[in-house]
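The values are calculated or read from the model by the stated rules, or taken from the named source; none is laboratory data. Everything quoted here is computed from the prediction, not taken from an experiment. Because the Cβ atoms are built from the backbone with ideal geometry, glycine has one as well, and the counts that use them run over all protein chains shown.
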Amino acid sequence: MSAAIAPEPVVDAPDGASSGGKAKRVKKRLTSRTATFFAIVIATLWTIPTFGLFVSSFRPDTDIANSGWWTIITNPSFTLDNYTAVFSESGASSASLGVYFINSIVITLPATVFPITLALMAAYAFAWIPFKGSSWIFVLVFALQIVPLQMALIPLLKIFNYPWLDIGGTFPAVWIAHTIFALPLEIFLLHNFISEIPRDVMEAAKVDGANHAQIFRRVVIPLSVPAIASVAIFQFLWVWNDLLVALVFSGGTIKTAPLTQRIAEFAGTRGNDWELLTAAAFVGTIVPLIVFFSLQRYFVRGLLAGSTKG
Amino acid sequence: MNRRLFIPVAGLAIGGLALAGCSSGGTSDDSSSGGGGGGAMAEGCEDYADYGTFDGDSVEIYGTQVDEEADRLVESWAQFEECTGITVEWIGNQEFETQMNVRVEAGDPPNLAIFPQPGLAARFIEGGSVVPAPESVEANVDEFWTESWKEYGTVDGTFYAAPLMASVKGWIWYSPTQFAEKGYEVPETWDDMMALTAQMAEDGADNAQYRPWCIGFESGEATGWPGTDWIEDIVLRQNGAEVYDAWVAGDVKFSDPEIQTAFDTFGEIALNADYVNGGIGGPETIASTAFGDAGLPILDGNCSLHHQASFYEGFWPEGTTVAEDGDIWAFITPKVNADDPDAVTGGGEFITAFDSEPATVAFQTFLSSDTWANIRVGLGGVISANQGLDPANASSALGTAAIELLQSEDTLFKFDGADLMPAEVGSASFWTGITDWVQGTKSTEEVTSFIDGTWPSS
Amino acid sequence: MTSLAGLAAIPLRTEGFWTDQGGKLGFAAVAIVAFLAVMGLVMFLADNAPKKGRDVIQLLLFILPAMLLLTAGMIWPALSTMWQSVTSKAGEFVGLDNFVTIFTDPTGQVVLRNTLLWVVFVPTISTVVGLAYALFIDRARGERVLKSLVFMPMAISFVGASIIWGFMYTYRSEGFPQIGLLNQILVWLGGSPYQFVETPPWNTFFLLVVMAWIQTGFAMVVLSAAIKGVPAEIVEAAELDGASAWERFLHVTLPWIRGSLVVVVTTITISTLKVFDIVRTMTGGQYNTSVVANEMYTRAFRLGQPEIGAALAVVLFILVLPIVVYNIRVLRQHKETH
């Protein structure tokens, strides 16, 4: 992540990258056919398992249990039943996947925006506001990454259940929990990036009379957009795919439970609803893929931002 | 573990049994039309008068049931809600154990919780968060349940957890059609069953995928429990109630000859590549075959026998007739000697309260009554050992048979041993142990002494 | 922030409006807007802070929200976990007893060994494959699509990935029709089917492959961006000097992306140590496959032994300590040179 975010320390190479450097870059491959060959091998190996799931989700249930998905080549039979089944509502407790889908979105968006905002501010403070103990507190924050989530659940839930707060089992509880658990890594990553902003840029702003709040808004945020986008993607993926945090803090009812809980239920309870599981699992991956596709270009931009400084 | 009970029973007819049709009440209202229409509300509430009326109180109840099972639970107390004014908030999910731990530790337990096994309930009771059952609940349990059921909910002489639903284990599923075709008969004794197995293996030799038995242990992190059910059934039948109880209590060790013999008896089937595992492979496939799928090869003719609890009725695909002369039926695991008493093992769910609010008590009392048992069983999918239950209310012939078995005075009923053992054994080493054993990585001697080693010392 | 959440939570407690799906989405939107408004206010306050002590006020406004949340949600739980790890269930101080229990437990050593295998192989496989792939497809036609293919597993939850690989590894005995792809391939090649998940000790390897499969996408995306940051002039200069592709990689690219490599390896290592869903879903810790994180979850939540769970958490902490120390050193060096 840092590459997108943090330009490398090795910048003291003679003249860094001049602005013309990019333009001169020609389409050139590292190596030739061997590279292409291995790239294709890796791409295939990494895609086949998911492809198998995708094919299975369109197969009738008896076929899934009795033959491998590759047999569709010789014996094609497809159905949309699995998808209609997961999206149909059969009772109060077995709602359509759509409800869980909405819940996942409601959980994920704020749980992505909140921590990034707070982490960006804290990262700026650690990088550019000198104060006593700054580096030690930063190291502590970094070290917090290793606190296992499971151990933090109960103390945090206790706080949420205090009478003056009383938000256990609601969306805000899930948002705050995700925010807290994301902060150490995000502060670390964003700090890597922000601390690399050239000192003269900062100094120039200071000379103009800007205070920290103004520098943060006018210089840091615009320069950090690629870094923010990269961190956002990973936070989004993490929250979207999370089961544990949502389960504990949302209370697990249909009003608040995310998609992952429903998928886990297909896997858990029934032991033999493979066909529903395959369809539901696939539905769950669509949104993260869209997010990745739409934000992918920022990974490239991130490096452009990096190369402008010397 | 929780998966064992209350798995949705697909395609059972519910319609006929309406809510108000609680036959046990002795009231004479017409049960076939009462509950459906809300018009007869005052009439329908007669059974609920004792619980009093509340204004806007709500009770939160937590359990492992999801989907269809949860819908039926919610339906079973709809009338109660209407008549008493209590709102019941139901939360069901599969991460029950984790969730209960977290919520109790965080000081925010639900009002009531349905535990899928008494051992787990006992752990929470010992933790001090559960309140003793109120008198009204205890009175119901004294009236409608046998002494031993009450004991499962009792810790250190205090009664906490009232039994709710039950399941009978040790059914052996088979295809009556296939039996008739091949001239097989339901075995009377264990030896008959082994002879039948040998006969089947011989008859089926021309089908390379056929084996007499189908067995599957896989159940996520609970993998292995179907195997513990087998051992429990064998121990009970070979040694009787006394040894069984001593074994569950830890006084008879796993490495004692009785238990080792039970493993070896099971091994004659499970470790014999000629006898298992129809449609899938040899004994080494048992551990990785999902328990839910395990019996299905009977329908393809790839195996003939499958040992699983009464809830397995719900696992047969839609369109399968479960009847004594249908596609699928089941007999209870045979006795060792023809003149032994009928013995079955079974499991059950228990309800505990975390406070004594009037609404909680009222709802808890209702759930321990025969009224509720009849309503819930009538909705299908489960049975209960409540003595006030009318077997005819069961939604299927097999359910009726199971209830009759539970209510019969001649039946020696023993609770699932693994559920009663300490969690370190009953929901850990016994499962992993028997999985390793069937996988062939541990011998009977090794596995039994391994399990003994994990029994908590205190 | 808490007051905001508290206010917003109230309507959720009642039936009706908020249960409506649109309402939920609206609620999320309102929450985001409200949050940003509060942050705007914070900025405003920072802007207009009195000249005297402005730096301190600004520092506090920037850093306090995050630090307060971290203290409540992580530092405090971490401390109480450490305390719990040296106490008995009843809360008495017992010294290192819980750790002794872990290390003398028959399965304890297997769990530690497996954890080490995970922590060595997952970051290695992910980083090496991710880096190689990033190099191979750099500036290739259809690079974005090729990237997405390897990134895709990142979009799948751990539980989902475990299910996918469960299908891959499915075993049927010889002579029976295979439904798992890997065993089918073995059979096609004339071999015998193999129980990937059930046969120790290699099964641990087949499980950790799932994690590596997921994390490779992360390594690839990050390292690909880093590679693109290597100035073309340097590469061209090296080329003119007659350096081979391998030498260029070794002497130019690798040093340039070193910092990114450290971050990638660190991040993957830490998530590897914490992941328990894969083991839990695929084997439940059986067949000698359990790892510390899974054992911790099982002990604390399933077996009612929170004190052992806490001790295992501390073991995890100690395992990650070297990585933290290394990163701190890199960080400090960096600060000094900067």
Practice task
Scan segment A:263-297 for residues that are crowded, with 20+ Cβ neighbours inside 10 Å, modelled with pLDDT under 80 and either within 14 Å of the chain's Cα centre (by Cα) or more than 14 Å from chain B (Cβ to nearest Cβ) (or both) and jot them down.
Solution key: A:PHE292
Exercise for the section: Among the residues of segment B:68-90, write down those that are buried (at least 23 other Cβ atoms within 10 Å of the Cβ) and at the interface with chain A (Cβ under 7 Å from one of its Cβ atoms). Expected result: B:GLU68, B:ALA70
Exercise for the section: Identify, by number, the condition in (1) surrounded by 22 or more Cβ atoms within 10 Å (Cβ to Cβ); (2) modelled with pLDDT under 95 that B:ILE259 doesn't meet. Expected result: (2)
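For every residue, the table says whether it meets (1) at pLDDT below 95; (2) in a helix (DSSP H, G or I); (3) over 16 Å from A:PHE282 (Cα atoms).
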| site | (1), (2), (3) |
| --- | --- |
| C:LYS147 | yes, yes, yes |
| C:PHE151 | yes, yes, no |
| C:VAL159 | yes, yes, no |
| C:SER162 | yes, yes, no |
| C:GLY166 | yes, yes, no |
| C:GLN195 | yes, no, yes |
| C:ASN203 | yes, yes, yes |
| C:MET211 | no, yes, yes |
Problem - Any helices (runs of 4 or more DSSP H) falling wholly within segment A:12-94 and containing at least 3 residues that are facing another protein chain (nearest Cβ under 7 Å) and modelled with pLDDT of 90 or more - result: A:33-56
Exercise for the section: Inspect all residues belonging to segment A:191-207 and state whether any of them is within 10 Å of chain C (Cβ to nearest Cβ), of a type in the set (A, V, I, L, M, F, W, C) and surrounded by fewer than 24 Cβ atoms within 10 Å (Cβ to Cβ). Expected result: no
Exercise for the section: Among the numbered conditions (1) under 30 Å from C:GLU307 (Cβ atoms); (2) in contact (Cβ under 8 Å) with a residue 24 or more places away in the chain; (3) more than 14 Å from chain C (Cβ to nearest Cβ), tell me where B:ALA122 comes up short. Expected result: (3)
Fill in the blank from the handout: By residue number, the members of segment B:272-325 that are within 14 Å of chain C (Cβ to nearest Cβ) and among the hydrophobic types (A, V, I, L, M, F, W, C) are B:ALA273, B:VAL276, B:ILE280, B:ILE286, B:ALA287, B:ALA290, B:PHE291, B:ALA294, B:LEU296, B:CYS303
Practice task
With the checklist (1) polar (S, T, N, Q); (2) more than 8 Å from every other protein chain (Cβ to nearest Cβ); (3) in contact (Cβ under 8 Å) with a residue 60 or more places away in the chain in hand, flag the one item C:GLN333 doesn't pass.
Solution key: (3)
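Just to be sure before I move on: is C:SER173 assigned by TED's automatic domain parsing to the domain that holds C:THR269, over 21 Å from the mean Cα position of the chain (by Cα) and not aliphatic (A, V, I, L, M) in the structure I sent?
Working: assigned by TED's automatic domain parsing to the domain that holds C:THR269: yes; over 21 Å from the mean Cα position of the chain (by Cα): yes; not aliphatic (A, V, I, L, M): yes.
Criteria met by C:SER173.
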Practice task
Among the candidates C:GLN109, C:GLN58, single out the residue that is without any contact (Cβ under 8 Å) to a residue 60 or more places away in the chain and within 22 Å of C:ASN203 (Cα to Cα).
Solution key: C:GLN109
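Would you confirm whether or not segment A:128-144 contains a residue that is within 21 Å of the chain's Cα centre (by Cα), more than 30 Å from C:GLY53 (Cβ to Cβ) and not aliphatic (A, V, I, L, M)? Reasoning before the result, please.
Going through segment A:128-144, the residues within 21 Å of the chain's Cα centre (by Cα) turn out to be A:141-144.
Subset that is more than 30 Å from C:GLY53 (Cβ to Cβ): A:143.
Next, only the ones that are not aliphatic (A, V, I, L, M) stay: none.
Within segment A:128-144, none of the residues are within 21 Å of the chain's Cα centre (by Cα), more than 30 Å from C:GLY53 (Cβ to Cβ) and not aliphatic (A, V, I, L, M).
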Handout entry: Among the residues listed as A:GLY284, A:GLY209, A:GLY252, the single one being among the small types (Gly, Ala, Ser), touching a helix residue (DSSP H, G or I) at 6+ places or on another chain (Cβ under 9 Å) and not in a helix (DSSP H, G or I)
Key = A:GLY252
Exercise for the section: Among the residues of segment C:123-135, count how many are buried (at least 24 other Cβ atoms within 10 Å of the Cβ) and facing chain A (nearest Cβ under 7 Å). Expected result: 1
Practice task
Restrict the check to segment A:165-188 and report whether at least one residue is of a type in the set (Val, Ile, Thr) and more than 8 Å from chain C (Cβ to nearest Cβ).
Solution key: yes
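Is it the case that segment A:119-138 has a residue that's closer than 21 Å to A:ALA246 by Cβ and within 7 Å of another protein chain (Cβ to nearest Cβ)? Before the answer, list the steps.
From segment A:119-138, those closer than 21 Å to A:ALA246 by Cβ are A:119; that's our starting set.
Next, from what is left, pick out any that are within 7 Å of another protein chain (Cβ to nearest Cβ): A:119.
Yes: one or more hits.
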Exercise for the section: Taking B:ALA385 as the residue in question, decide whether it is under 21 Å from B:THR154 (Cβ atoms) and buried (at least 24 other Cβ atoms within 10 Å of the Cβ). Expected result: yes
Exercise for the section: Exactly one condition in (1) within 14 Å of chain B (Cβ to nearest Cβ); (2) in a helix (DSSP H, G or I); (3) not polar (S, T, N, Q) is not met by C:GLY217; state its number. Expected result: (1)
Exercise for the section: For segment C:284-293, state whether one or more residues are facing chain A (nearest Cβ under 9 Å) and either under 20 Å from C:LYS147 (Cβ atoms) or small (Gly, Ala, Ser) (or both). Expected result: yes
Exercise for the section: Answer yes or no: is there a residue in segment A:97-108 that is facing another protein chain (nearest Cβ under 7 Å) and without any contact (Cβ under 8 Å) to a residue 12 or more places away in the chain. Expected result: yes
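When you scan segment C:140-151, do you find a residue that is within 14 Å of chain A (Cβ to nearest Cβ), touching a Gly at 6+ places or on another chain (Cβ under 7 Å) and of a type in the set (Val, Ile, Thr), even just one?
Step one: list which residues in segment C:140-151 are within 14 Å of chain A (Cβ to nearest Cβ), which gives C:140-151.
Right, trim to touching a Gly at 6+ places or on another chain (Cβ under 7 Å) and you get C:150-151.
Checking which are of a type in the set (Val, Ile, Thr) leaves us with C:150.
Yes, the conditions are met somewhere in segment C:140-151.
Can you find even one residue in segment C:179-186 that is hydrophobic (A, V, I, L, M, F, W, C), closer than 19 Å to C:THR281 by Cβ and within 29 Å of the chain's Cα centre (by Cα)? Working first, answer last.
Residues of segment C:179-186 hydrophobic (A, V, I, L, M, F, W, C): C:179, C:181-182, C:185-186.
Then keep just the ones that are closer than 19 Å to C:THR281 by Cβ; that gives C:179, C:181-182.
Subset that is within 29 Å of the chain's Cα centre (by Cα): C:181-182.
The answer is yes; a qualifying residue exists.
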Fill in the blank from the handout: Among strands (runs of 3 or more DSSP E) entirely within segment B:94-178, at least 1 residues that are modelled with pLDDT under 95, under 21 Å from the mean Cα position of the chain (by Cα) and within 30 Å of A:LEU244 (Cβ to Cβ) occur in B:112-115, B:162-168
Practice task
Please work out which residue is farthest from the other protein chains (Cβ to nearest Cβ), limiting yourself to segment C:68-104 and to residues that are closer than 25 Å to A:ILE180 by Cβ and aromatic (Phe, Trp, Tyr).
Solution key: C:TRP83
